[in-house]
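Down below is the structure, laid out as structure tokens.
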Amino acid sequence: VSAHPLASEAGAQILKKGGNAFDAAIATQFALAVVYPQAGNIGGGGFLVGYTKKGEKIALDYRETAPKNASRDMYLDEKGKANTDLSQNGRLAVGVPGSVSGMFYTHQKFGKLPMSVLIQPAIDLAQKGFAITEREANLLNETREDFLKHNSHPTAFTKDIPWKKGDILVQKELAQTLKLIQKQGQKAFYEGKNAQLLVSEMKRGNGIITLEDLKNYKTKERKALQFDYKNHEIVSMPLPSSGGILLAQMLKMSSFENLEKYPQNSPEAVQVMVEAERRAFADRAEFMGDPDFIEDKTQMLISEEYLKNRWKNFSFEKATPSAEVGKIIAQPKESTETTHISIIDKFGNAVAVTTTLNGLYGSKVVVKGGGYFLNNEMDDFSVKPGVPNMFGAVGGEANKIEPNKRMLSSMTPTIVLKNGKPYIVVGTPGGTTIPTSVYQSIVNVIDFKMTPSSAVNSAKFHHQWLPEVVFVEKNFPENTLKILEQKNYKFEKRGGIGRTEMIVI
Ligand code: DON
């Protein structure tokens, strides 16, 4: 399952050729970099959570890193005011890309078919072009001014007349880059001609990524975050993603109230889940960051004892004020690309990958001669304590900018095991709404016994401690809202929350 039929098709072809889920994950990621340029990428980063037929639980971290010349206050002006335009747009917003390294690492350890075969579908799609969807046409049109502003050279993504559904998007430069990677391996991206092109692109503006940054990039294998939930074993992403920890905290806290006894999206169920979200996100802001730079408090944060204590001030009578569950550093603004792949194969392997450029088309910068978008992942650091990132998330010391550090993420690629075998493979884009969407989708299946499609499509809500508002999708049950408003909850309707890609076996 992926966000684009042509990318899913590329993965399915690989499975038919005898490849395994890891091979299919690689082919699908490369294909998404072509057919879903808003989020699919080679200029971004991601996480892979896997389960092998031998029973190994895998967590690969190919998150971007801060360049070595990055520093804590790099986005502050002389007055100490944060300039989030710089952390979100243009060359200074770019973290050192990890995706190509991650895909090669995956291949070396778990792949079956040759890498050249896995890249080929993407090359064909880039070279021959493909018909774009209406949504893609609209997004390209809406972002046109930004593309022009951040690129001095013509790119494949703008043309003289507006894009429309069915137009063919051909990406010749990207096809060249992919062919180079196909021929020379990951070095072609991190050291050779491409590295030169990327660094030259940095120099066309205020970018700071160097040849050394690229050469030093490494995928890290982490210990997968594992915990039990109602006779299921959950395997998710550890730090530097907050996703797995948040998921564990939320599932465990809501289980204190026997969630399954209330109807799905009833006032009681929603209240319990919102309060679990509130407490988990307060912890995110205070404790979470790259474990290679901070003290890793994961085991404490997901322990029964800690969470029981955290849950003490929960009451069905009224909302818990956010100030009572965490130190409020500043009043954040609220604002609102990423994509997820879920795969199982006939051999018994399961793979969940969430990959991202961060914002829609990332920094909007396309590498001249390379043909691909660069991420704007630097914005996922706390640019300044208390200043919210583009998803309204605040943070402090734990997630401050430091050279070579990975920025905190919310991505939550997750595999749920039942009787020791893969049962659910799930994940989604959506910034901070990622852990809450994964949380609700899993609860919908396990506690509320819903089918996968209703679990995914049913109205979602989202709370993240700050702002002190619960966001709900437009079709959310009015009765639940009315009852909870009387208990001091404030709701705000917004567009879709998450675009969850779920397999239930
Ligand atoms: O790593 C993160 O949490 C964010 N960069 C994810 C961004 C995202 O999901 C945007 N999607 N709509």
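Here are the numbers:
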item	result
Test: residue in the range 53-69 that is within 16 Å of the ligand (Cβ to nearest atom), of a type in the set (A, V, I, L, M, F, W, C), assigned to a loop (DSSP other than H, G, I, E, B) and within 30 Å of Val199 (Cα to Cα)	yes
Selection within the range 70-91 - more than 16 Å from Gly44 (Cβ to Cβ) and part of a helix (DSSP H, G or I)	Thr84, Asp85, Leu86
Options Lys68, Lys53; residue that is more than 30 Å from Asp292 (Cβ to Cβ) and at pLDDT 95 or above	Lys53
Extreme residue, farthest from the ligand (Cβ to nearest atom), among residues of the range 369-380 that are part of a loop (DSSP other than H, G, I, E, B) and touching a helix residue (DSSP H, G or I) at 6+ places or on another chain (Cβ under 6 Å)	Gly369
Meets criteria (under 30 Å from Glu402 (Cβ atoms) and either assigned to a helix (DSSP H, G or I) or in contact with a Cys (Cβ under 6 Å, 6 or more places away or on another chain) (or both)) for Gln108	yes
Filtered residues of the range 209-251 (kept if of a type in the set (Asp, Glu) and surrounded by 24 or more Cβ atoms within 10 Å (Cβ to Cβ))	Asp213
Tally, over the range 140-198, of residues that are within 14 Å of Gly369 (Cβ to Cβ) and either small (Gly, Ala, Ser) or not in a helix (DSSP H, G or I) (or both)	11
Every residue from the range 15-52 that is of a type in the set (Phe, Trp, Tyr), over 21 Å from Lys346 (Cβ atoms) and part of a strand (DSSP E or B)	Phe47
Count - residues of the range 77-110 that are more than 25 Å from Ile209 (Cβ to Cβ) and buried (at least 20 other Cβ atoms within 10 Å of the Cβ)	1
Given (1) within 9 Å of the ligand (Cβ to nearest atom); (2) more than 30 Å from Thr52 (Cβ to Cβ); (3) surrounded by 24 or more Cβ atoms within 10 Å (Cβ to Cβ), number of the condition Thr354 does not satisfy	(2)
Members of the range 297-327 that are among the aliphatic types (A, V, I, L, M) and part of a loop (DSSP other than H, G, I, E, B)	Ile302, Ala319, Val325
Criterion: modelled with pLDDT under 95, of a type in the set (D, E, K, R) and either part of a helix (DSSP H, G or I) or touching a Gly at 6+ places or on another chain (Cβ under 7 Å) (or both) - qualifying residue of Glu201, Glu286, Glu277	Glu286
The range 447-467 - residue that is more than 22 Å from the chain's Cα centre (by Cα) and among the hydroxyl-bearing types (Ser, Thr, Tyr) and, of those, nearest to the ligand (Cβ to nearest atom)	Ser454
Verdict on Gly50 being surrounded by 22 or more Cβ atoms within 10 Å (Cβ to Cβ), away from the ligand (no atom under 16 Å from the Cβ) and within 18 Å of the chain's Cα centre (by Cα)	yes
Candidates Phe293, Phe347, Phe316, filtered to the one that is at pLDDT 95 or above, under 25 Å from the mean Cα position of the chain (by Cα) and more than 30 Å from Leu140 (Cβ to Cβ)	Phe293
Matching residues, the range 453-498, being on the phi > 0 side of the Ramachandran plot and either part of a strand (DSSP E or B) or crowded, with 17+ Cβ neighbours inside 10 Å (or both)	Trp465, Gly498
All positions within the range 391-446 that are within 15 Å of the ligand (Cβ to nearest atom), surrounded by fewer than 24 Cβ atoms within 10 Å (Cβ to Cβ) and of a type in the set (D, E, K, R)	Lys405
Output for the range 357-368, where each listed residue is in contact with a Phe, Trp or Tyr (Cβ under 8 Å, 6 or more places away or on another chain), within 14 Å of the ligand (Cβ to nearest atom) and either of a type outside the set (Gly, Ala, Ser) or under 23 Å from Gln127 (Cβ atoms) (or both)	Leu357, Tyr361, Gly362
Members of the range 241-270 that are within 16 Å of the ligand (Cβ to nearest atom) and among the small types (Gly, Ala, Ser)	Ser241, Ser242, Gly243, Gly244
Gly348 vs. criteria away from the ligand (no atom under 15 Å from the Cβ), in contact with a Leu (Cβ under 6 Å, 6 or more places away or on another chain), in a loop (DSSP other than H, G, I, E, B) and not aromatic (Phe, Trp, Tyr)	no
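The values are calculated or read from the model by the stated rules, or taken from the named source; none is laboratory data. This structure is a prediction, so every number in the text was calculated from the model and none was measured. All Cβ positions, even for glycine, are placed from backbone atoms using ideal geometry, and neighbour counts span all protein chains on display.
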